[in-house]
C-alpha cells in the first residue's frame with residue numbers, strides 16, 4: 001500500500017512539466033489582456049495628468065486637464081445633452097420593450113420566434129446606416145417628412161429638422177429607441193418565460209385577476225431582469241456616439257445641441273490631438289457610469305429584498 005501510494009505521487013520533474021504546460025496555456029490570455037486592456041487603461045490614467053499631442057514627451061500638468069474640461073462650456077453642454085438623451089431614450093426603450101414583451105408573453109402562443117426576429121432586426125442594421133436613413137427622411141430639401149407635411153398642408157414645407165436645436169435631440173432619441181428596443185425586448189421576454197407557470201396558475205386559482213398576478217407575482221420576479229436592462233441602457237446611453245455623430249455629420253448640431261460626451265471625447269483626442277484632455281474626459285465618463293451602476297445595484301438589492 002505504501003509503495004502504491006508513493007508511486008501515485010508525481011515526481012518533481014513531472015510536476016514541473018505540468019506547471020510549464022499550464023503557464024504556457026494561460027500566458028497568451030494574460031499577454032493579450034495586458035496589451036489590449038490593462039495597458040490602455042493605465043496609459044489613459046497616465047495621460048489624464050499630462051498634456052500630450054501624440055508627439056514628443058508628455059508634460060505633467062497635474063489636475064489641469066480635469067479642470068480645463070469642467071471650465072469648457074462645450075463639455076458642460078455635452079454633459080447636459082448626454083443626460084437628456086440617456087434618460088429619455090433609456091426610459092422609452094425599457095418601457096416599450098417591457099410592455100411588448102408582456103403582451104407577447106401573455107397573448108401570443110404560436111409564432112413567438114417571429115417576434116424575436118422582427119424586433120431584433122434594427123440591431124442588425126449598422127447604426128451609421130440607420131442614421132443615414134433618418135437623415136434622408138428628415139432632410140429639409142425633399143425629405144419624406146417634409147414632403148408628407150407639405151402634402152397635408154397643401155404648401156411646400158422646408159423645415160430644417162436636423163439643424164434645429166429643439167428637434168435634433170428628439171431625433172437622436174428616436175434613433176436610439178428604434179435600434180435598442182428589440183434587444184431589451186429579448187431580455188424581458190426571456191425573463192418572463194423563465195418564470196414558473198405554477199406560480200401564476202396558483203395565483204389565478206386563488207382568485208387573483210390578470211393584473212394582480214402581474215403586479216404581485218410577475219413584476220417582483222422581473223426586478224433582477226429589469227435591473228440588468230437598465231444597467232445596460234445606462235452603459236450605452238452615457239457612451240452614445242454613432243447616432244448623433246452621423247445625424248449631424250460630426251458637427252454636433254447647431255450650437256452643439258446634440259454633442260454628447262462621446263463626441264466631445266472623440267473631437268478632443270482625435271481631431272484636436274489633445275490626448276490628455278481626452279483621457280480626463282474618459283475618466284469622468286467612467287466615474288459617472290460606475291457611480292450610477294453602484295446606485296442601481298443597491299436600489300435593486302433593496303427592492304428585491306423588500307419583495308422577498
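The values are calculated or read from the model by the stated rules, or taken from the named source; none is laboratory data. Predicted model only: the values in this text are computed from it and were never measured. Quick reminder, even Gly has a Cβ in these numbers, built from the backbone with ideal geometry, and neighbours come from all protein chains shown.
Out of the residues in the stretch 51-73 that are outside any helix (DSSP H, G or I) and either at positive phi or within 29 Å of the chain's Cα centre (by Cα) (or both), which is surrounded by the most Cβ atoms within 10 Å (Cβ to Cβ)?
Here is the first cut: in the stretch 51-73, the residues outside any helix (DSSP H, G or I) are 51-63, 72.
Pick out the ones that are also either at positive phi or within 29 Å of the chain's Cα centre (by Cα) (or both) and you get 54, 56, 62-63, 72.
Details: 54: 10, 56: 7, 62: 10, 63: 10, 72: 15.
Here the answer is 72.
Criterion first (part of a helix (DSSP H, G or I) and more than 24 Å from residue 125 (Cα to Cα)) does residue 192 satisfy it? Before the answer, list the steps.
On the way: part of a helix (DSSP H, G or I): yes; more than 24 Å from residue 125 (Cα to Cα): yes.
Yes: the conditions hold for residue 192.
Inside the stretch 111-133, residues that are outside any helix (DSSP H, G or I) and within 29 Å of residue 250 (Cβ to Cβ) make up a count of 2.
Evaluating residue 300 against the criteria (1) at pLDDT 90 or above; (2) out of contact with any strand residue (DSSP E or B) (no Cβ under 9 Å at 6 or more places or on another chain) leaves one unmet condition, (1). Kindly list, by first and then second residue, each pair from a residue in the stretch 84-105 that is under 16 Å from residue 186 (Cβ atoms) to a residue that is modelled with pLDDT under 95 and surrounded by fewer than 16 Cβ atoms within 10 Å (Cβ to Cβ), limited to pairs with Cβ atoms under 7 Å and residues at least 6 apart or on different chains. Pairs found: 104/112; 105/193. For residue 224, only one of the following conditions fails: (1) without any contact (Cβ under 8 Å) to a residue 60 or more places away in the chain; (2) surrounded by fewer than 16 Cβ atoms within 10 Å (Cβ to Cβ); (3) closer than 29 Å to residue 297 by Cβ. What is its number? Going through (1) without any contact (Cβ under 8 Å) to a residue 60 or more places away in the chain; (2) surrounded by fewer than 16 Cβ atoms within 10 Å (Cβ to Cβ); (3) closer than 29 Å to residue 297 by Cβ one by one, residue 224 breaks only (1). A count restricted to the stretch 143-184 and to residues that are touching a residue at least 12 places away in the same chain (Cβ under 8 Å), assigned to a helix (DSSP H, G or I) and over 21 Å from residue 126 (Cα atoms) stands at 2.
Scanning the stretch 232-277 for residues that are surrounded by fewer than 19 Cβ atoms within 10 Å (Cβ to Cβ) and within 17 Å of residue 163 (Cβ to Cβ) yields a count of 5.
Criterion first (touching a residue at least 24 places away in the same chain (Cβ under 8 Å), surrounded by 15 or more Cβ atoms within 10 Å (Cβ to Cβ), under 20 Å from the mean Cα position of the chain (by Cα) and within 28 Å of residue 171 (Cβ to Cβ)) does residue 300 satisfy it?
Numbers: touching a residue at least 24 places away in the same chain (Cβ under 8 Å): yes; surrounded by 15 or more Cβ atoms within 10 Å (Cβ to Cβ): yes; under 20 Å from the mean Cα position of the chain (by Cα): yes; within 28 Å of residue 171 (Cβ to Cβ): no.
Answer is no for this residue.
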